[in-house]
Amino acid sequence: MRNPYIPYPSKILEVIRHTEKEFTFRMEYKGEEEVKPGQFFEVSMPKYGEAPISVSGIGEGFVDLTIRKVGRVTNEVFENYEGDTLLLRGPYGNGFDTELYRDGETVVVAGGTGVSPVRGVIEALSGFENAKQKYVIAGFRSPADMLFRDDLADWKDKLNLILTVDGAPEGYEGNIGLVTKYIADLPLADPAKAKAVVVGPPPMMKFTIIELLKKGFREENITVSYERKMCCGLGKCGHCRVSDTYICLDGPVFNYVEAKEMID
């Protein structure tokens, strides 16, 4: 049994570049069957510290961690590439149960790096027999900021994908606008029975849920992830505490009925 306080070495099997600042590190991991989309690992570098990173992919003998270069720890992580080793703790938190979305209509709305923790959910939706009842709205700041381009192309063929950007250079032929713009026109047969998953920056999540409720979704059918608030993973540091809830232990995935009462 692993000591949850002690990180273990993991080999970098592959590095996949998405943008100037976002790369996916495919990390060696034995025990992938115990990992769920939406959970997270602590990635650490000696003398630099550690950072919580959401799981963006799960496969035989590996997990994918998509990292944005934004601080001291992640800057140092970016200096390590294929064949090198990083230190991991985890997985931590609760994740998404993809079987909940097998039947009926499902809508996933994700913004920016919020696509990372739901990548496994979208992959599962695209493989269901009723994939044409599944809708994904994915928004990015610009065309240059898009993540998982190969996946996006694959998902577009299998389910209903709406891809949008906040802004784009002249001549761009794709959708331009916030993700909330596309919710009202979703051709759902019965919004009251449909399920939704929402992940992204707090303002985007707030207004997305408002639009989903206007559409007729029921609060208990909406799931959110507060992955931006993750911290130590063990409920010891207190940085992720909201009211009586520890995001790293009780989340980061919550039903909206519970999440709406969590006032930070």
> Quick one: what Rg and Dmax do you get for region 139-264 from the alpha carbons, in Å?
Replying inline: 16.7, 51
>> Full-extension gain between GLU28 and LYS181, please, as 0.36 nm times their residue separation minus the C-alpha to C-alpha distance.
In response: 51.1 nm
> Which one of ASN80, TYR92, THR106 is farthest out on the positive end of the charge dipole of region 43-118, using unit charges on Cβ (Lys, Arg +1; Asp, Glu -1) and the Cα centre as origin?
Replying inline: ASN80
>> Testing the spin-label approximation: label points 7 Å from Cα along Cα→Cβ at TYR48 and LYS69. State their distance in nm.
In response: 1.1
>> Under the rule a/c < 1.5 gives rounded, and otherwise a/b versus b/c splits prolate from oblate, where does region 39-100 land using the Cα gyration tensor?
In response: prolate
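Mean separation of Cα pairs under 8 Å and 6+ residues apart, divided by the residue count of region 158-264: what relative contact order is that in percent?
Averaging sequence separation for qualifying contacts and normalising by length gives 20 percent for region 158-264.
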>> I'd like the distance between the alpha-carbon centres of region 151-174 and region 79-108, rounded to an integer number of Å.
In response: 23
> What does the helix-only formula give at 222 nm for the chain: each DSSP H stretch with n ≥ 4 adding -39500 (n - 2.57), the total divided by the residues, and the result rounded to the nearest 500 deg cm²/dmol?
Replying inline: -5500 deg cm²/dmol
> Say the dipole of region 14-84 comes from +1 at the beta carbon of Lys and Arg and -1 at that of Asp and Glu; which of ILE16, ALA51, MET27 then lies farthest toward its positive end?
Replying inline: ALA51
>> Apply the Karplus curve 6.51 cos²θ - 1.76 cosθ + 1.60, θ = phi - 60°, to the phi angles in region 41-49 and return the couplings in whole Hz, x for Gly and Pro.
In response: 10, 8, 9, 10, 10, x, 6, 10, x
> Which of the pairs LYS69/LYS181; LYS132/LYS214; LYS36/LYS214; LYS132/LYS195; LYS181/LYS215; LYS132/LYS156 have their Cα atoms more than 21 Å apart in this structure?
Replying inline: LYS69/LYS181; LYS132/LYS214; LYS36/LYS214
>> Can you give me the angle between helix 202-215 and the longest principal axis of the chain, using Cα atoms only, in degrees from 0 to 90, rounded to the nearest 10?
In response: 30
> Which three extents, in whole angstrom, do the alpha-carbon atoms of region 33-72 cover along their principal axes, largest first?
Replying inline: 31, 18, 14
>> To check my understanding: the extent here is largest minus smallest coordinate of the Cα atoms along each principal axis. What are those three numbers for region 113-168, in Å, largest first?
In response: 34, 18, 16
> Could the peptides 23-33, 186-196, 112-122, 248-258 be put in order, highest first, of the mean number of other beta-carbon atoms found within 10 Å of their residues?
Replying inline: 112-122, 248-258, 23-33, 186-196
>> Given axes a ≥ b ≥ c from the Cα gyration tensor, I'd like to know whether region 88-194 is rounded (a/c under 1.5), prolate (a/b larger than b/c) or oblate.
In response: oblate
>> Let me check the size of region 80-149 from its C-alpha atoms; what are the radius of gyration and Dmax in Å?
In response: 15.1, 44
> What is the mean projected area of the alpha carbon convex hull for region 1-140, to one decimal in square nanometres?
Replying inline: 8.8
> What fraction of the Cα pairs in region 1-69, stated in percent, has a spacing above 17 angstrom?
Replying inline: 42
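Coordinate-derived values only; no laboratory data. Only a predicted model underlies this, so the values are computations on that prediction, with no experimental measurement involved. So basically every Cβ, Gly included, is an ideal-geometry build from the backbone, and we count neighbours across all protein chains shown.
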